[in-house]
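These notes concern the structure reproduced below.
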């Protein structure tokens, strides 16, 4: 899967069929706004799949509960909690790798004066 150029405008590769509708839409949005190389597109696919997996786990946890009882009747954390956590970590890590986690610049402000200037001025 590579970003293919036709003239000056790249042709956007289709998202994998196994992704949810939400992630297929996000895939198209990302590739429309960012120019990614083939290895980056693989990372984008990983991020989309990780998000979908986390959402699947979240839905199952909502249905089954945060805890389960084992064969001996002991209460323990639902193993899907780990699946959700690891999938969300993978999603955020791939966003960082792609550089899609860039924050908007903060508004300009006057620099703070060192404390000795404030004391010398009689404040």
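Since every read-out is calculated from the coordinates, none of them should be taken as a lab result. No experiment lies behind these values; they were computed from the predicted model shown. Cβ atoms come from the backbone with ideal geometry, glycine included; neighbour counts cover every protein chain shown.
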Contacts under 8 angstrom Cβ, first residue in the range 57-71 being without any contact (Cβ under 8 Å) to a residue 60 or more places away in the chain and at positive phi, partner surrounded by 12 or more Cβ atoms within 10 Å (Cβ to Cβ) and not in a strand (DSSP E or B), 6 or more apart: 65/78
Failed item, numbered, when residue 70 is tested on (1) within 25 Å of residue 21 (Cβ to Cβ); (2) loosely packed, with under 11 Cβ neighbours inside 10 Å: (1)
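Okay, residues lined up against (1) in contact with a strand residue (DSSP E or B) (Cβ under 8 Å, 6 or more places away or on another chain); (2) closer than 18 Å to residue 42 by Cβ; (3) part of a helix (DSSP H, G or I):
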position: 68; (1), (2), (3): yes, no, no
position: 73; (1), (2), (3): no, no, no
position: 76; (1), (2), (3): yes, no, no
position: 81; (1), (2), (3): no, no, yes
position: 84; (1), (2), (3): no, no, yes
position: 87; (1), (2), (3): no, yes, yes
position: 91; (1), (2), (3): no, yes, yes
position: 96; (1), (2), (3): no, yes, yes
position: 100; (1), (2), (3): no, yes, no
Residues in the range 7-33 that are touching a helix residue (DSSP H, G or I) at 6+ places or on another chain (Cβ under 8 Å) and assigned to a loop (DSSP other than H, G, I, E, B) total 7
